[in-house]
Amino acid sequence: MKIAIVGAGGMGAMTGGLLKEIEGEDVSLYDIHKEHIETIKRNGLLIEGIGGERYVPVNATTRIEDIGIADLIIIFVKSYDTEEAAAEAVKINSEHTTVLTLQNGLGNVEILERAFGSEKVIAGTTDAAATIVEPGRVKHTAYGNVYIGELSGEITGRVREIVALFSEAGFNAHPSDNVMGLIWTKLILNLAINPLGTILRARCEKLIDNDYSRALMRQIVEEALRISDKKGIKLIYPDMVQAAYDLAEKNATSFNSMAQDFLKGKKTEIDFISGAIVKEGEQVGISAPFNQAMTMIVKALEHTIEK
């Protein structure tokens, strides 16, 4: 299978590297960050962490058209770059191409549907983890679960084939008949942890060690639950508040991904997380003042970053 990874950050590069290690798979990484790509082209991709340290020789480019027509395009860019990435990725699209998003937040599926057509797009979630250490080098910290499914809920042949591919690469991969429920579940967990951890500049353990932040997490989640219930979304966990507390405990010593981006001086995905739930609420006539506040505070904080 000819696979194009669009967005070769930590998760994209790690996933592409692991897929390339499967014999016979043709994998290319595309990213606009020249130093990262040139280092991979020159030396191969250095993957460290779980699974050991090794160089993976994988094609890498800053010109997506050099990849050629792909069978599978996997989108791993930050949500605020999805529209621009989709405009590039259509250059390697054909009538037989499948487009998979494993991104955080809401809105990515709809952007990709507009660019490629609904029949091309499938979606999923993952809690695997990897970060860029330096250009050309990623640290793989967790294999995690990968869930992939059709937007319709049907378990199709292409879903089974891609799940099998991820499984062979070492992921704990599963087909899903409720992929939108998975996306919303992950969204609500991100709502509870990411903006609050960013605002407080705190590791996850600090979000659950006092009554004040726990109460904030509860209010944030309960707003989102009223909206998801109105929209008929079938969530994965029966108690989403407790699931958020449990996730914070599981990642106790870590900064969440939004906080990491902010602390590195990068733009966050707040518009596709807290901002997205506010918009979803507006569509069904439910206000989300706590999530609105999280959105506005994080965006205000972004304006404090020295350019």
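Give the range 191-231 a look and list any residue that's among the polar types (S, T, N, Q) and not in a helix (DSSP H, G or I), or say none.
The answer is ASN210, and nothing else.
In the range 133-161, which residues are of a type in the set (A, V, I, L, M), more than 17 Å from the chain's Cα centre (by Cα) and surrounded by fewer than 16 Cβ atoms within 10 Å (Cβ to Cβ)? Within the range 133-161, VAL133, ILE155 meet the criteria. The set of residues in the range 96-131 that are at pLDDT 95 or above, farther than 21 Å from ASN178 by Cα and not polar (S, T, N, Q) comprises HIS96, ARG114, ALA115, PHE116. Taking the numbered list (1) surrounded by 16 or more Cβ atoms within 10 Å (Cβ to Cβ); (2) within 21 Å of the chain's Cα centre (by Cα) in turn, VAL56 passes all entries but (2).
Scanning the range 189-218 for residues that are within 19 Å of ASN291 (Cβ to Cβ) and touching a residue at least 60 places away in the same chain (Cβ under 8 Å) turns up ASN190, LEU191, ILE193, ASN194, PRO195, LEU196, GLY197, THR198, ILE199, LEU216. Scanning the range 100-127 for residues that are under 17 Å from ASP71 (Cβ atoms), in contact with a strand residue (DSSP E or B) (Cβ under 7 Å, 6 or more places away or on another chain) and part of a loop (DSSP other than H, G, I, E, B) returns a single hit, LEU102.
For (1) in contact (Cβ under 8 Å) with a residue 24 or more places away in the chain; (2) part of a helix (DSSP H, G or I); (3) under 24 Å from THR131 (Cβ atoms), each residue gets a yes or a no:
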residue: GLY265; (1), (2), (3): yes, no, yes
residue: ASP271; (1), (2), (3): yes, yes, yes
residue: ILE286; (1), (2), (3): yes, no, no
residue: PHE290; (1), (2), (3): yes, yes, no
residue: ALA293; (1), (2), (3): no, yes, no
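Checking the stated criteria, ALA300 turns out to be surrounded by fewer than 17 Cβ atoms within 10 Å (Cβ to Cβ), among the small types (Gly, Ala, Ser) and either more than 24 Å from PHE76 (Cα to Cα) or more than 20 Å from the chain's Cα centre (by Cα) (or both).
The residue that is surrounded by the most Cβ atoms within 10 Å (Cβ to Cβ), counting only those in the range 1-51 that are under 25 Å from ASN172 (Cα atoms) and of a type in the set (Lys, Arg), is LYS20. Taken over the range 1-21, the residue count meeting the criterion of being in a loop (DSSP other than H, G, I, E, B) and touching a Phe, Trp or Tyr at 6+ places or on another chain (Cβ under 6 Å) is 1. Give the range 172-184 a look and list any residue that's surrounded by fewer than 21 Cβ atoms within 10 Å (Cβ to Cβ) and either of a type in the set (Val, Ile, Thr) or in a loop (DSSP other than H, G, I, E, B) (or both), or say none. Listed by number, the residues that qualify are ASP177, ASN178. Pairing residues of the range 133-155 that are on the phi > 0 side of the Ramachandran plot and assigned by TED's automatic domain parsing to the domain that holds SER118 with residues that are assigned to a strand (DSSP E or B) and at pLDDT below 95, at Cβ distances under 6 Å and at least 6 apart in sequence or on separate chains, gives GLY144/THR126. Could we say that ALA252 is touching a Cys at 6+ places or on another chain (Cβ under 6 Å) and not in a helix (DSSP H, G or I) here? Judged against the criteria, ALA252 is a match.
Among the candidates ALA164, ALA130, single out the residue that is part of a helix (DSSP H, G or I) and either without any contact (Cβ under 8 Å) to a residue 24 or more places away in the chain or surrounded by 18 or more Cβ atoms within 10 Å (Cβ to Cβ) (or both). Going through ALA164, ALA130 in turn, just one is part of a helix (DSSP H, G or I) and either without any contact (Cβ under 8 Å) to a residue 24 or more places away in the chain or surrounded by 18 or more Cβ atoms within 10 Å (Cβ to Cβ) (or both): ALA164.
Of the residues LEU112, LEU72, LEU102, the single one that is in contact (Cβ under 8 Å) with a residue 60 or more places away in the chain and under 22 Å from SER274 (Cα atoms) is LEU102.
The values are calculated or read from the model by the stated rules, or taken from the named source; none is laboratory data. Bear in mind the structure is a predicted one, so any value in this text is a computation, not a measurement. When we count neighbours, we look across all protein chains shown, and the Cβ atoms used for this are built from the backbone with ideal geometry, even at glycine.
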